[in-house]
Amino acid sequence: MELKDFLASVHAEVEEEMVARAGIENGAAPFAELVFTEIFARHMFERGMTFEPHACRFSATVSEGALRLSGYALSEDIKKLDLFVAVYNGGSMPGVLTELEARAAADQCGRFLNLSAAADLAGRVDETNDAYTLIATIASAWAQIDEVRIHVLTDLCAGLLQIPDIAIGTKMVSVEVVDIERVFNERKDVELQNRYRTLAAFFEEWMKGLRDTSEINGEAPESTFLDDVGGRLADAEEISDFHRCRFASQGALGQLMKIDGYAFDDADGSLSLVAVDFTDSADLLPLSSEESECQFAAVERFAADAIAGRMLSTDVDGEAGRGLAADIVRLRSGITRFRVYLASNRLFNGGAPFGEQTVDGLPVERHVWDAERFHRAAISESGRDDLEVDFRTEDGKGIPALHAGSANGEYQGYLCTISGDMLAAIYERHGSRLLEGNVRSFLSTKGKINAGIQTTLANQPEMFFAYNNGIAATAEAVEFEENSSSIKRAINFQIVNGGQTTASLATAFRDGIDLSEVRVQMKMSVLSPSSAGELVPLIARFANSQN
């Protein structure tokens, strides 16, 4: 979440609360400033920055000038007092709080405090006023209050703005600005701490289970880890049928080459190669980019030596490695790409892309699955790591979509069109992860090239929309362009009907056929994460059984 998204969520929370209270009280909605103060003061209270807060809007003008208050917090022993004054903008983008605005708000709150302490304000305010109790308390207990602070709360950005203390009689009142950026960063810190605690608990339970299984089976913990992550990658639908294949040796140039497991995907022609990085430690340890680079390079050397036939020599020590190498040579014509997975129980601290890699002209994708990513997949409702598909073209525009219906907040339907080259590129990028399980199984047994589709793509691409039934897809969420009905991004996108169409487009794309004039119709069903697991297989079954 970015700052602008957090700002929008705060404003939405303010609006929702205002509407809810207006409905309950059957009257006018409360001031936005008041609700905003409650939200930010509650945040401060939860972080131990203040006491139990009370929203209390007061605005008046006396001979000395304007007075303003948005809320307060008083310690139980009445020795510490916090006053809140809000500067609420309500803009859609983060704005800037000027020093002049901050000083004005603090001064108005300071005047309120000064008149209350002098017992001058109580006589001017009706006892029914929300602030009367506070005004009377300050007047009677001013002498025993040791510390007073004024907090300027704002949905603007204050940067490093500092406001001087204000003298109220013999006491100095400190002034502090609590802006939208500070609250955003503090909430992110809390979220990160909570996520790490949850991750640490998962890691501890995960490692204990591995050690127990290792002891029962009488094998090394690293071997148990390999089988475990192979199963987890299969459950997450990253790979299909995992096979253990442990091999490590020196390559032709004396450099390390290794492989720990593999899986071939008939649906998209990809060969997944898995390497494990296991550390038998009670602590979560970091995995650097340099270390991961070495692991990836070792696997890619194995693939390169296998394709070149160097692994088939009887001098190579390792029957498992030679067997997989022979399969790679045999399947070479059907392999479309290598997907290399580094599975680790450490925390990957890299972030930079690995760049484009190839082996014998075949593209290589590199994927790091560290402890955090395994944790994300374990706790997700779908059992997978979120798959995000970006539909934007080079000019930043998404795909046109027409809203076609909804059902009780659990379903939203859209009719879309997507270009052939975009759909092919998306399939090339994500492979059979895009395909719902039944569709993937169908493709793997029936083949992926349809002669009729290929003929249309080659000879009449502009007629593809008319001749082809298109595809049906699901997603758990979609994101639209601002002020537009075009979809730019989808989360957990799945093709539930039209897998052969998609795979055929990808085949034509690889063969160099121009797909820029091809248009594919797409029915998009957006389902809530809680219902997706149940509804996606049903939609796939019905979509593939009706004509």
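The values are calculated or read from the model by the stated rules, or taken from the named source; none is laboratory data. Because the structure is a prediction, the values reported are computed rather than measured. Every residue, glycine as well, gets a Cβ built from its backbone with ideal geometry; the counts of neighbours run over all protein chains shown. Keep in mind that these areas ignore ligands, DNA and RNA; they rest on the heavy atoms of the full protein, side chains included. Shrake-Rupley method; radii C 1.70, N 1.55, O 1.52, S 1.80 Å.
Given Lys258/Lys397; Lys258/Lys523; Lys188/Lys258; Lys4/Lys208; Lys208/Lys258, which pairs have Cα atoms separated by over 32 Å?
Lys258/Lys397; Lys258/Lys523; Lys188/Lys258; Lys4/Lys208
If I fit a long axis through the Cα atoms of helix 319-331 and take the longest principal axis of the Cα atoms of the chain, what angle between them do I get, 0 to 90°, rounded to 10?
It works out to around 80 degrees.
Run the accessible area of segment 41-127 with a 1.4 Å probe and give the carbon-and-sulfur part as a rounded percent.
It is 46 percent, rounded to a whole number.
When the accessible area of segment 207-356 is computed with all protein chains present and a 1.4 Å probe, what percentage of it is carbon and sulfur?
Using a 1.4 Å probe with all protein chains present, segment 207-356 comes out at 49 percent carbon and sulfur.
In percent, how large is the relative contact order of segment 162-302, given Cα pairs closer than 8 Å and 6 or more residues apart?
Relative contact order, segment 162-302: 15 percent.
Where Rh denotes the Kirkwood radius from the mean inverse Cα pair distance, what is Rg over Rh for segment 55-193?
Ratio of gyration radius to Kirkwood radius for segment 55-193: 0.99.
How many nm is it between the label spots at Val19 and Leu415, if each spot is 7 Å from the Cα in line with the beta carbon?
Each label point lies 7 Å from its Cα, and together they span 2.9 nm.
Given contacts defined as C-alpha pairs under 8 Å and at least six residues apart, what's the relative contact order of the chain, whole-number percent?
9
I'd like the antiparallel share, as a percent to the nearest 5, of DSSP beta bridges with both residues in the chain.
Once the DSSP bridges in the chain are tallied, antiparallel ones form about 60 percent.
Against the longest alpha carbon principal axis of the chain, how many degrees, from 0 to 90 and to the nearest 10, is the axis of helix 3-25 turned?
The helix 3-25 is inclined about 60 degrees to the chain.
On a 0 to 90 degree scale, rounded to 10, what angle separates helix 32-46 from the longest Cα axis of the chain?
70
Kindly list the residues of segment 67-94 that lie in the label zone of Ala143, defined by a backbone N under 19 Å from the point 7 Å along the Cα-to-C-beta vector.
Counting only backbone N, you get 77-81.
Expressed in nm², what is the orientationally averaged projection area of the convex hull enclosing the Cα positions of segment 449-535?
6.7
Can you tell me the equivalent ellipsoid semi-axes for the chain? Use √(5λ) from the Cα gyration tensor, largest first, whole Å.
Working through the eigenvalues yields semi-axes of 60, 31, 19 Å.
Accessible area per residue for the chain in Å², computed with a 1.4 Å probe and the full protein assembly in place, what is it?
In whole numbers, the chain has 48 Å² accessible per residue.
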